[in-house]
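As structure tokens, the structure follows; a few thoughts come after it.
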């Protein structure tokens with residue numbers, strides 16, 4: 001049987017390893033062992049354990065207090081270049097012929113017989129040295145073969161899961177496509193189209209389609225969502241603490257509930273304003289957190305590969321009032337939690353309007369419909385054209401692709417995508433404003449043939 005290998009990470013406020021020059025008085029050493037060593041002592045039946053020490057000074061008082069019980073093996077490595085910036089590690093655009101920045105690692109072959117590793121990790125967000133220390137620890141863990149247990153204080157979620165972790169190459173992981181609906185039924189049509197697009201993409205991986213919904217989604221909508229292919233699970237909403245009053249993203253932290261789905265090993269989360277055009281099953285092999293870029297060092301949370309963990313969920317909930325989201329919603333929050341994320345190509349989550357389809361006419365894997373949604377417009381054209389400040393979201397080709405998914409749906413499901421009188425009044429209002437302003441794109445001139453016009457659904 002393999003000997004378990006343990007990893008412990010302790011947060012420190014120093015940017016580099018401490019350099020103490022004064023002698024330590026033995027009488028001043030802590031009388032109690034540090035909590036991380038208590039766990040090590042319980043995990044091994046030997047009197048003295050061999051512990052790799054990363055980024056901790058040899059004269060650290062806690063280490064000196066453990067001399068009789070622990071053999072400290074100091075892991076030496078060259079510090080990363082202090083001039084290296086985070087943006088160089090996560091560039092906005094990747095040059096396929098370029099070289100990755102050099103992040104020095106220790107000679108791992110010198111540390112193969114360790115029982116555990118303890119490390120002090122610098123504070124800070126998007127700190128290159130913090131990243132290096134975590135990579136050193138991760139490489140030592142991988143070198144050991146497997147990790148039995150991991151604990152830390154203020155754990156770095158970017159490198160490790162908050163649970164026992166090891167890879168079992170003989171079992172088939174349980175995976176799912178997941179989306180969330182909350183606060184209103186405005187996106188029920190989108191969720192139905194999303195499910196149908198996933199099924200049309202000929203998914204071959206043994207997976208579920210799971211939709212998390214709050215109490216705002218009524219019985220009629222649930223019937224349609226189930227018919228579209230979703231399994232339904234009820235949730236309670238989570239308030240976005242920094243959202244402005246009446247903001248669209250007031251309850252967007254509800255998305256964090258996906259980390260509670262611990263009966264799955266891996267999840268591909270997809271917002272309900274996306275449709276798939278190609279199979280995405282290959283993404284299930286990607287690690288947490290994998291996502292496509294949004295802007296510079298930030299990722300878009302509309303499509304993510306995540307690994308559910310109750311520990312991770314609780315840690316995020318503990319930080320919701322401490323970590324300020326740049327946009328008040330969950331995307332800003334997650335970008336502060338997962339600063340070290342794995343980049344997927346933009347064609348996996350093509351942001352409609354911001355990112356144009358490939359000039360080679362390669363079909364993207366998924367289109368993310370920013371701005372007004374296709375089912376909220378006439379099918380004749382993208383109604384984002386009717387508002388000057390929304391032209392950045394407008395794309396007739398992407399609009400047509402969504403309606404192709406709609407046309408392939410059974411009539412029973414199409415009925416959930418009807419117009420309400422309120423939706424039609426908004427469209428008519430902005431078409432009139434566009435006409436009176438003589439907007440140069442000229443979409444307001446198009447004669448509307450959408451059969452949904454004049455046959456309205458109740459709100």
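Would you check if residue 380 is out of contact with any helix residue (DSSP H, G or I) (no Cβ under 9 Å at 6 or more places or on another chain), at negative phi, touching a residue at least 40 places away in the same chain (Cβ under 8 Å) and surrounded by 15 or more Cβ atoms within 10 Å (Cβ to Cβ)?
No, not satisfied.
Quickly run through the range 344-362 and pick out the residues that are assigned to a loop (DSSP other than H, G, I, E, B) and modelled with pLDDT of 90 or more. Quick ask: steps written out before the conclusion?
From the range 344-362, those assigned to a loop (DSSP other than H, G, I, E, B) are 344-345, 349, 352-362; that's our starting set.
Residues satisfying the conditions are 344, 345, 349.
Taking the options 261, 239, 276, name whichever one is farther than 16 Å from residue 309 by Cα and crowded, with 20+ Cβ neighbours inside 10 Å.
That would be 276, the only listed residue that is farther than 16 Å from residue 309 by Cα and crowded, with 20+ Cβ neighbours inside 10 Å.
Any idea which residue in the range 183-213 is surrounded by the most Cβ atoms within 10 Å (Cβ to Cβ), counting only those that are more than 11 Å from residue 230 (Cβ to Cβ) and in contact with a strand residue (DSSP E or B) (Cβ under 7 Å, 6 or more places away or on another chain)? First the steps, then the outcome.
Let us first name the residues in the range 183-213 that are more than 11 Å from residue 230 (Cβ to Cβ), namely 183-187, 189-190, 193, 197, 200-207.
From what's left, in contact with a strand residue (DSSP E or B) (Cβ under 7 Å, 6 or more places away or on another chain): 187, 193, 197, 201, 205, 207.
Values: 187: 22, 193: 31, 197: 24, 201: 18, 205: 18, 207: 20.
This residue is 193.
Does residue 444 satisfy being surrounded by 11 or more Cβ atoms within 10 Å (Cβ to Cβ) and either in a loop (DSSP other than H, G, I, E, B) or in contact (Cβ under 8 Å) with a residue 40 or more places away in the chain (or both)?
Taking the combined requirement at face value, the residue satisfies it.
Would it be correct to say that residue 220 is buried (at least 19 other Cβ atoms within 10 Å of the Cβ), in a helix (DSSP H, G or I) and either in contact with a helix residue (DSSP H, G or I) (Cβ under 7 Å, 6 or more places away or on another chain) or without any contact (Cβ under 8 Å) to a residue 24 or more places away in the chain (or both)?
No.
Residues in the range 79-95: is at least one at pLDDT 75 or above, within 22 Å of residue 34 (Cβ to Cβ) and not in a helix (DSSP H, G or I)?
The answer is no; no qualifying residue exists.
The values are calculated or read from the model by the stated rules, or taken from the named source; none is laboratory data. This structure is a prediction, so every number in the text was calculated from the model and none was measured. Every residue, glycine as well, gets a Cβ built from its backbone with ideal geometry; the counts of neighbours run over all protein chains shown.
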